[in-house]
Amino acid sequence: MKTGLYAGFDLGGSRLKYGLIGNRGRPIFKGGEPTPDSAGDLMSLLEDVWKRLQALQPGRIRSAGFGFAGFFSLREQKIIQSPNCPGLDGFDLVPALSSFVDVPFRLDNDANLAAFGEWRRGAGRGAGSLVLLTIGTGVGSGIVLDRGLWHGSCGFAGEIGHITVNPEGSPCKCGAAGCLETEVSATKIVDHYASLTGEPGLSSKDVYKRAREGDPDARESFARCARYLGIGLGIIINFMNPEKILLGGGVMNAEEFLLPPALEEARARASRPAFACCEIEKAALGNDAGFIGAAEWGRAGVSGSRRR
Ligand SMILES: [Zn+2]
């Protein structure tokens with residue numbers, strides 16, 4: 001008998017990523033599509049992709065996992081509010097998915113499942129506790145605590161992107177201001193560079209290129225972002241004393257300008273013993289973390305294991 005395969009779907013604000021993993025968690029197939037705006041169009045796309053995956057590996061897919069962007073209610077199994085995919089707000093996901101997904105499946109928040117993926121198959125393997133921060137246009141995060149995904153009482157734990165790191169900071173989509181995700185993001189780096197130079201319309205890659213060429217304003221833009229990242233890291237370390245903090249997302253490509261000053265800031269703010277026992281390193285699975293984690297999450301639901 002052929003070994004089983006596990007399907008994972010990662011519904012981000014701009015892109016749906018999906019794939020199949022084997023018993024050892026390695027992707028054997030992956031793909032991606034732009035995320036449609038409405039929940040109806042999204043379900044049609046998921047059904048289409050699901051049928052393609054089943055046709056590719058008939059009878060071998062044992063389970064599926066779906067990660068959705070937004071505040072996922074454990075009790076209702078719905079996205080209550082999705083700043084990046086408003087079409088999902090309150091949408092009844094389980095009945096819609098049950099109409100075409102013909103294997104057991106589980107749902108969760110996309111960033112939680114990325115953390116679960118890094119814990120099961122990436123840089124967090126074997127850790128008793130970890131926090132994953134995915135730094136891109138915003139900051140996604142998930143928590144593994146005592147060897148299981150930590151949801152909080154209703155499912156909304158791990159929204160570290162919305163802790164306040166700068167009370168005077170920019171307005172956030174969540175309704176607050178100065179959240180980690182407004183101060184530490186590709187968008188903020190670009191905006192800050194524009195405010196220093198008066199030169200709008202650049203991408204974060206452009207600013208990174210200039211930083212590498214020695215442009216002091218570009219370096220200052222990264223340093224400012226790094227400082228707030230360090231404040232966030234200090235809060236996480238003091239609050240939960242995690243074994244690992246993993247940093248992923250596109251902004252981490254500029255690691256050389258971000259990580260050293262962020263670590264310096266965190267070291268200055270966190271309690272010394274907690275900082276000393278926390279490993280802070282780059283995440284390993286890149287853009288695949290979400291769908292691998294989703295696949296592992298679905299799989300853990302059918303395996304009867306204690307991997308929560
Ligand atoms: Zn916020």
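Can you name the residue in region 136-159 that is within 14 Å of the ligand (Cβ to nearest atom) and at pLDDT below 95 and, of all such residues, is farthest from Gly232 (Cα to Cα)?
Phe156
Could you tell me which residue of region 177-212 is surrounded by the most Cβ atoms within 10 Å (Cβ to Cβ), considering only residues that are in a loop (DSSP other than H, G, I, E, B), small (Gly, Ala, Ser) and more than 16 Å from the ligand (Cβ to nearest atom)?
By that ranking, first place goes to Ser203.
Does Thr164 satisfy the condition of being open to solvent by 50 Å² or more (accessible area, probe 1.4 Å), modelled with pLDDT under 95 and within 16 Å of the ligand (Cβ to nearest atom)?
No; evaluated as a whole, the condition is false for this residue.
Look at Cys174 and say whether it is more than 22 Å from Trp297 (Cα to Cα), open to solvent by 40 Å² or more (accessible area, probe 1.4 Å), in a loop (DSSP other than H, G, I, E, B) and in contact (Cβ under 8 Å) with a residue 60 or more places away in the chain.
For Cys174, the condition - more than 22 Å from Trp297 (Cα to Cα), open to solvent by 40 Å² or more (accessible area, probe 1.4 Å), in a loop (DSSP other than H, G, I, E, B) and in contact (Cβ under 8 Å) with a residue 60 or more places away in the chain - is met.
Just to verify a result, which residue in region 67-107, among those that are at pLDDT below 95 and assigned to a helix (DSSP H, G or I), is least open to solvent (accessible area, probe 1.4 Å)?
The residue in question is Leu88.
Identify the single condition in (1) surrounded by fewer than 22 Cβ atoms within 10 Å (Cβ to Cβ); (2) touching a Lys or Arg at 6+ places or on another chain (Cβ under 7 Å); (3) of a type in the set (Gly, Ala, Ser) that Gly124 does not satisfy, given that it satisfies every other one.
Unmet condition: (1).
The values are calculated or read from the model by the stated rules, or taken from the named source; none is laboratory data. Source: prediction; values computed, not measured. Backbone-built Cβ (ideal geometry, glycine too); neighbour counts: all protein chains shown. Surface areas here come from the heavy atoms of the whole protein model, side chains and all, with no ligands, DNA or RNA. Shrake-Rupley method; radii C 1.70, N 1.55, O 1.52, S 1.80 Å.
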